[in-house]
Each structure stands twice: as C-alpha cells, then as structure tokens.
Amino acid sequence: MTQPILSLSATELEQWLADHDAPAYRRRQIWGWLGRGATTFDAMRELPKSLRVALDADFRATSLRSIAVSEADGGRTTKTLFELDGGHSVEAVVMRYADRSTLCISSQAGCPIGCPFCATGKFPFGRNLKAHEIVEQAVDAERVLAAEGRRLSHIVFMGMGEPMANYRAVIDSVRMLADPEMLGISPRRIVVSTSGLIPRITQLGDEKLPVTLAISLHAARDELRDVLVPINRKYPVNDLVEAAQAYGARTGRRVSYEWVMLAGVNDTERDARELGGLLKRKLAHVNLIPFNPVEDTPYHAPDRKAIRAFKEMVEAQGLNVTVRDTRGREADAACGQLHERVMKNKLAVS
Ligand code: SAH
Ligand code: SF4
C-alpha cells in the first residue's frame, strides 16, 4: 500500500517534489486541493499530468476508508465510521448549523480512560491515531460540506479517544488544520476536550496555540469523580481546575467545563452547590450535556425539568451555564455509539 500523502511534512513533500524535478510551490497547490477535499491526484488540475501520475504511483490522497454513514436531524447531522490502516475504526460527526459547520473528530481508536458512562471507554483500547489520520477526518468533512456549498468552520476533539493521551499527534494535527495552506481553521475555533491529564494541559499552555480547552468535569468532588472519570484518582479535581484556569489565563481563552447529566448521580442540589463552589469567580463556562443513553450502563438522563432546575441552581451561584443540544441522538451520533454497533456486529459474526 502506498503512503498517505498527509503523512509527509511540508519539507518532506517538497523534497519528494525536488526529486521529481517539480518546484516547491507545487506542495502548496497539493495541500490546497486536499484542503478543499480532493480525493484523487488526477483532480488537481493545475498540476502537470506527469506529476499527477507520479503522485498517484507513490501516494494515497487519504488513508481513511468510509465504511458506514448515518444521518440524523433531517440530514443536518452525519456521522461517518472510518476504517484505519491496520483495521481499527473511528468515527467523525459533522453538525450543520445556520452560521457554522462543526466537525467532531476522533484522536484514538477506543480510549484508555474508561469512563463508565461512555460507549467508547467500554471497549478495549485500540491505538493512537497519527496526525494525518486526524487531519484526514477534517479533509473528508470539508469535501462533504463543500458539495453542499458549506465550509468547515469549527472542530471539536470530542469523538473517540482522549486527545491529551495522544499529545504529539494531536498538536501536530491542530497545526495542520490551522495552516492557511491546508484547512485554515483558526485554533480559536478548535476545542480540545480532555478528561484531565494535568501535565499535558500545562504543556498545551506552552504551545502558543490558543485552542479552546474543554474539561470533562462531570463531578466536583473527588469521591464521585474518581468513579465517573477514573483518571481523577491520579489527577484530583482541585488540581485539575487550577491547571485549566492557568491555561485560560495564559491563552486568554475562557475554559469550558463539561458536565454530562446523570439522573440521581450528579444532578442533585449538592452537586450544583459543589460545582458552584469549585468555579465561583473563575473565567469559566459550564456546558451541561444530557446523557446520551449507552446500553449496559446503570445511567439515565434526567428529565427536562431536572436539567432546567440544575441549570438554575448553578446559574444562581454566578456561573455561566448552557445546555448542549443533543444533536444526532436518533442516529446514535454521540460519542462512540456507531463504533459500538459495528463492533457488536463483528462480534456476532465471529
Ligand atoms: N476523551 C475526551 C474527549 C471525548 S468525549 C473527554 O472525555 O473529554 C467528549 C465529551 O462527551 C466528554 O465530555 C464526555 O464526557 C462526553 N460523553 C461521553 N459519553 C457520553 C454520553 N453517553 N452522553 C453524553 N456525553 C458523553
Ligand atoms: Fe475516554 Fe472521554 Fe469516553 Fe472518558 S468520556 S472514556 S475520556 S472518550
């Protein structure tokens, strides 16, 4: 199998071009075509035919193979399951809004953290994605959106995997996604969501890459967070908030705190008080996510009334709170679920 072209750095591709008697600026043209979603080298019309043929002999435009697509919200949400080289699979979800198009991207096949409410965390960890495999998900989304007269405008690392546990590849991919010669998506429009690997959060602050940081909080006391987000046993919640706020102060970006709402588990008055206490007077934003049901878990989503009541209790303590809309629920478009279904089918066959 030939090499995926995005696995080459700019310098490496320019070297390849030099070896084929082509000028360095062709690299920018190739990236430009890929950024606009070209799936073959032959479609890159500015390039001489001989160069297109040479590229095709040595490279693939993408390493991802789309193996299933599902749709929700009357087509406004689409989710693609991609097979990676070597057989693992990951998903990516495109959400279309009036003023933006957002891609939810995966950084790992599976996830080593193992949160008990998450479909991804229930399967054995597969492997880290390479930077080009992350970028290729965005290139594919751009292709799909371009055909609809849309542009990809926002990216959230909220698909499968823990981005901070695949740090190098995630940072490299963010730089490529932000590169004006590739997709040109401003880091400010890229959200990296993490369960809370403190050393990596601190390192992220040194990158001069002002991505928006989202912390998957889900509980404000260690005793409960140790269960819901097991990495908390290593990196306790107070230290985590301190590291996240330091990131916010360094980058001037407001930090988002995610709170998946689990009925009777973390939606009580006590939880609202603890959350308020933890984030009081901090430049922070709380995002409540109604639980998206996952089979074989003991959890349930609270009803709308309970969600509203929780929101009001947290707001009453001076915090900025929104409730995330549950895009794509009807097509299993939340974290990990399409993967789960395919895995089950595979298991049933074997
Ligand atoms: N591993 C990273 C990013 C991927 S998960 C993290 O945990 O932050 C993205 C978000 O979806 C996280 O906030 C996660 O807690 C949430 N999530 C996972 N499973 C969910 C479910 N079944 N319903 C609602 N949100 C869920
Ligand atoms: Fe991993 Fe995030 Fe799922 Fe937890 S919520 S298992 S960290 S993907």
What's the extension gain from Asp42 to Ser153 if we count 0.36 nm per residue and subtract their Cα-Cα distance? 37.3 nm
Rounded to the nearest Å, what's the spacing between the alpha carbon centres of the range 130-188 and the range 239-281? Just the number, please. 26 Å
For the range 62-71, Karplus-derived ³J(HN,Hα) couplings (6.51, -1.76, 1.60; θ = phi - 60°; whole Hz; x for glycine and proline) come out as 8, 9, 8, 10, 6, 10, 7, 10, 10, 10
Using θ = phi - 60° and the Karplus form 6.51 cos²θ - 1.76 cosθ + 1.60, what ³J(HN,Hα) does each residue of the range 137-146 get, whole Hz, x for Gly and Pro? 4, 6, 4, 5, 4, 4, 4, 4, 5, 4
At each listed q (0.09, 0.13, 0.14, 0.15 Å⁻¹), what is the log10 of I(q)/I(0) that the Debye formula gives for the chain modelled as equal alpha-carbon point scatterers? -0.51, -1.01, -1.15, -1.30
Can you tell me how the range 3-60 classifies by the Cα gyration tensor, rounded, prolate or oblate, using a/c under 1.5 as the rounded cut? rounded
Candidates Leu129, Leu55, Leu152, ranked by Gaussian network fluctuation over the chain, Cα under 10 Å, top entry: Leu55
For Glu14, what charge total do you get from the other residues with a beta carbon under 9 Å from its beta carbon, if Lys and Arg give +1 and Asp and Glu give -1? +1
Return one number: the angle in degrees, 0 to 90 and rounded to the nearest 10, between the long axis of the Cα atoms of helix 304-315 and the longest principal axis of the Cα atoms of the chain. 80 degrees
Mind scanning Lys49/Lys130; Lys280/Lys311; Lys208/Lys234 and naming the pairs with a C-alpha gap bigger than 25 Å? Lys49/Lys130; Lys208/Lys234
Be a star and scan the range 130-153 for residues whose amide nitrogen sits under 15 Å from the point 7 Å along the Cα-to-Cβ vector of Glu71. 144-145, 147-148
Ordered by residue, what ³J(HN,Hα) values in Hz, to whole numbers, does the range 81-89 give under the Karplus form 6.51 cos²θ - 1.76 cosθ + 1.60, where θ = phi - 60° and Gly and Pro are x? 9, 10, 8, 9, 4, x, x, 5, 9
The helix 269-279 Cα axis meets the longest alpha-carbon principal axis of the chain at an angle in degrees, between 0 and 90 and rounded to 10, of 60 degrees
Rounded to 10°, Cα long-axis angle of helix 49-58 versus longest principal axis of the chain: 60 degrees
Hey, could you get me the Stokes-Einstein D for the range 50-180, Kirkwood radius over alpha-carbon pairs, 25 °C and 0.890 mPa s, rounded to whole µm² s⁻¹? 158 µm²/s
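Readers should treat all values here as calculations from the given coordinates under stated rules, not as data from a laboratory. Not measured: the values here are computed from a predicted model. Methodologically, a virtual Cβ is constructed for each residue, glycine included, from the backbone with ideal geometry; neighbour enumeration extends over all protein chains shown.
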